[in-house]
Amino acid sequence: MELRKLQRVIIDALEDVKAQDIRVYDTAKLSELFDRVIIATGSSNRQTRSLAMSVKEEVNAKGGEVISIEGLETGEWVLVDCGDIVVHILQPMLRSYYQIEGMWGAKPVRVKLAASKGLVKASDDDEESD
């Protein structure tokens, strides 16, 4: 799956389950293993697990591949490896403590977030509004 399409599928999946503070970073020059890191916050163990499963289901449904998911046991920090994109879903305290944006966040990628902009997601374009 093309990188931008995969990125949009992941962001939409995270927004569907109300992820908070979604950030996307270009890591192509920092790692040969993946091109993007997406970081999101979930408010509880249950939500972080749900966010990870939402990403997995949507990526698979759109023809992409999820290589692995780690951290579902505790749900405090869940990592979803989608090949070219790695998704970190953390609870607020862990995100604050580990500051992984400091490691991967040198080159932010500007993306449109439906939650913050009131945008219609691509998957909702066909629905009529009142």
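The values are calculated or read from the model by the stated rules, or taken from the named source; none is laboratory data. Quick caveat, the model's predicted, so the values are computed rather than measured. In this analysis, Cβ positions are derived from the backbone assuming ideal geometry, glycine residues included, and neighbour counts consider all displayed protein chains. These area figures cover heavy atoms from the full protein model, side chains too; ligands, DNA and RNA do not enter into them. Shrake-Rupley method; radii C 1.70, N 1.55, O 1.52, S 1.80 Å.
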Peptides ranked, highest mean first, by Cβ atoms within 10 Å: ranges 45-56, 95-106: 45-56, 95-106
Separation in nanometres of the label points that stand 7 Å from Cα toward Cβ, at R110 and R46: 3.9 nm
Among 16-25, 57-66, 33-42, the order from most to least packed when residues are scored by Cβ within 10 Å on average: 33-42, 16-25, 57-66
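Which FRET efficiency, nearest 0.05, do N60 and L94 yield, Cβ-Cβ r, R0 22 Å?
Details: r = 26 Å, r/R0 = 1.20.
Once the sixth-power term is evaluated, E becomes 0.25.
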Spin-label pair M53/S68, simplified geometry with 7 Å Cα→Cβ offset, distance in nm: 2.2 nm
Carbon/sulfur fraction of accessible area - the chain, other protein chains in place, 1.4 Å, %: 47 percent
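With a probe of 1.4 Å, find how much accessible area the chain has per residue, and write the answer as a whole number in Å². Walk me through the numbers before you get to the answer.
On the way: 7930 Å² over 130 residues.
Dividing the accessible area of the chain by its residue count gives 61 Å².
What whole-number value in cubic angstrom gives the convex hull volume per residue for the C-alpha atoms of the stretch 1-97? Numbers along the way, then the final one.
Values: hull volume 8.4 nm³, N = 97.
Spread over its residues, the Cα hull of the stretch 1-97 gives 87 Å³ apiece.
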Label zone at L33 (point 7 Å along Cα-to-Cβ), backbone N below 18 Å, the stretch 48-82: 65-72, 77-82
